[in-house]
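K.L.:
Have a look at this one.
The values are calculated or read from the model by the stated rules, or taken from the named source; none is laboratory data. Being a predicted model, the structure only gives us computed values, none of them experimental. Note that we place each Cβ from the backbone using ideal geometry, even for glycine, and neighbour counts take in every protein chain shown. Keep in mind that these areas ignore ligands, DNA and RNA; they rest on the heavy atoms of the full protein, side chains included. Shrake-Rupley method; radii C 1.70, N 1.55, O 1.52, S 1.80 Å.
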Amino acid sequence: EDQVTQSPEALRLQEGESSSLNCSYTVSGLRGLFWYRQDPGKGPEFLFTLYSAGEEKEKERLKATLTKKESFLHITAPKPEDSATYLCAVHRQTGANNLFFGTGTRLTVIP
Amino acid sequence: NAGVTQTPKFRILKIGQSMTLQCTQDMNHNYMYWYRQDPGMGLKLIYYSVGAGITDKGEVPNGYNVSRSTTEDFPLRLELAAPSQTSVYFCASRPVGAFRSYNSPLHFGNGTRLTVT
């Protein structure tokens, strides 16, 4: 059965304390993996798409990496404004209804 | 460009009432989606549409209906509201047609928070 699991559920970091969020997946025929950021009371906002193992994407303090079984979202020297819920979603090959979301990691960065 | 606009932002319904959640996008995207988001659960797909006049069920369609008469609008109808439909509802859209556009990211609205009591 296709699954997407994100860990940890919640993470508290001091400002400047780097860490990583994990997204583990089992899907038949991965077409792509997405990372989104969601602020309270808002819709998810797109961050990255990764297509194949070994690929990396960067944006400011965020770097996303992909292996055959998982993706990591590395946060370097986070700031309080990085506090949000980070969602991972995988796109599998079969059908139009083929995007699976994880439950997210709620990140809090303390000044 | 307003992107994806959802109305209302909040609504409280009594059990058995009906309502329509509105969604409109101004990006000329052909694919549109309705998701619900519950605490501790990932986004669950309710219905989707690949173009005007074409809709299909997602993972959790029971209790909902949709229509897509134009490219811009994709309303979600709740008939006979139940407490289990208390949730945050997100509408999303994406363009499909160019190279690798099957992987084009979703653009989300800011949601409608619905409470059924």
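K.L.:
Identify, from the list A:Thr85, A:Thr76, A:Thr103, A:Thr65, the residue that is under 22 Å from A:Arg12 (Cα atoms), open to solvent by 10 Å² or more (accessible area, probe 1.4 Å), in contact (Cβ under 8 Å) with a residue 60 or more places away in the chain and touching a strand residue (DSSP E or B) at 6+ places or on another chain (Cβ under 9 Å).
P.N.:
Exactly one of A:Thr85, A:Thr76, A:Thr103, A:Thr65 is under 22 Å from A:Arg12 (Cα atoms), open to solvent by 10 Å² or more (accessible area, probe 1.4 Å), in contact (Cβ under 8 Å) with a residue 60 or more places away in the chain and touching a strand residue (DSSP E or B) at 6+ places or on another chain (Cβ under 9 Å), namely A:Thr103.
K.L.:
Between A:Leu50, A:Leu21, A:Leu11, which is farther than 15 Å from A:Phe101 by Cβ, touching a residue at least 60 places away in the same chain (Cβ under 8 Å) and open to solvent by less than 60 Å² (accessible area, probe 1.4 Å)?
P.N.:
A:Leu11
K.L.:
Just one of the numbered conditions (1) within 14 Å of another protein chain (Cβ to nearest Cβ); (2) over 24 Å from A:Leu50 (Cα atoms); (3) of a type in the set (Val, Ile, Thr) is not true of B:Val50; which one?
P.N.:
(2)
K.L.:
Do you know which residues across the stretch A:64-111 are over 14 Å from the mean Cα position of the chain (by Cα) and at positive phi?
P.N.:
Residues satisfying the conditions are A:Ala77, A:Gly95.
K.L.:
Picking from B:Arg68, B:Arg94, B:Arg11, which residue would you name as being closer than 27 Å to A:Gln3 by Cα and touching a strand residue (DSSP E or B) at 6+ places or on another chain (Cβ under 9 Å)?
P.N.:
On the way: B:Arg68 fails: closer than 27 Å to A:Gln3 by Cα; B:Arg11 fails: closer than 27 Å to A:Gln3 by Cα.
Exactly one of B:Arg68, B:Arg94, B:Arg11 is closer than 27 Å to A:Gln3 by Cα and touching a strand residue (DSSP E or B) at 6+ places or on another chain (Cβ under 9 Å), namely B:Arg94.
K.L.:
In addition: Is it the case that A:Thr49 is of a type in the set (Val, Ile, Thr) and either more than 12 Å from chain B (Cβ to nearest Cβ) or in contact with a Lys or Arg (Cβ under 8 Å, 6 or more places away or on another chain) (or both)?
P.N.:
Working: of a type in the set (Val, Ile, Thr): yes; either more than 12 Å from chain B (Cβ to nearest Cβ) or in contact with a Lys or Arg (Cβ under 8 Å, 6 or more places away or on another chain) (or both): yes.
Answer is yes for this residue.
K.L.:
Where residues in the stretch B:37-52 are more than 12 Å from B:Pro95 (Cα to Cα) and open to solvent by 30 Å² or more (accessible area, probe 1.4 Å), which of them is modelled with the lowest pLDDT?
P.N.:
Here the residue is B:Gly40.
K.L.:
I would also like to ask the following. I'm trying to understand the selection: among the residues of the stretch B:2-36, which are within 18 Å of B:Ser84 (Cβ to Cβ), open to solvent by less than 50 Å² (accessible area, probe 1.4 Å) and not in a strand (DSSP E or B)?
P.N.:
Here is the first cut: in the stretch B:2-36, the residues within 18 Å of B:Ser84 (Cβ to Cβ) are B:11-19, B:21, B:34-36.
Pick out the ones that are also open to solvent by less than 50 Å² (accessible area, probe 1.4 Å) and you get B:13, B:16, B:18-19, B:21, B:34-36.
Matches in the stretch B:2-36: B:Gly16, B:Ser18.
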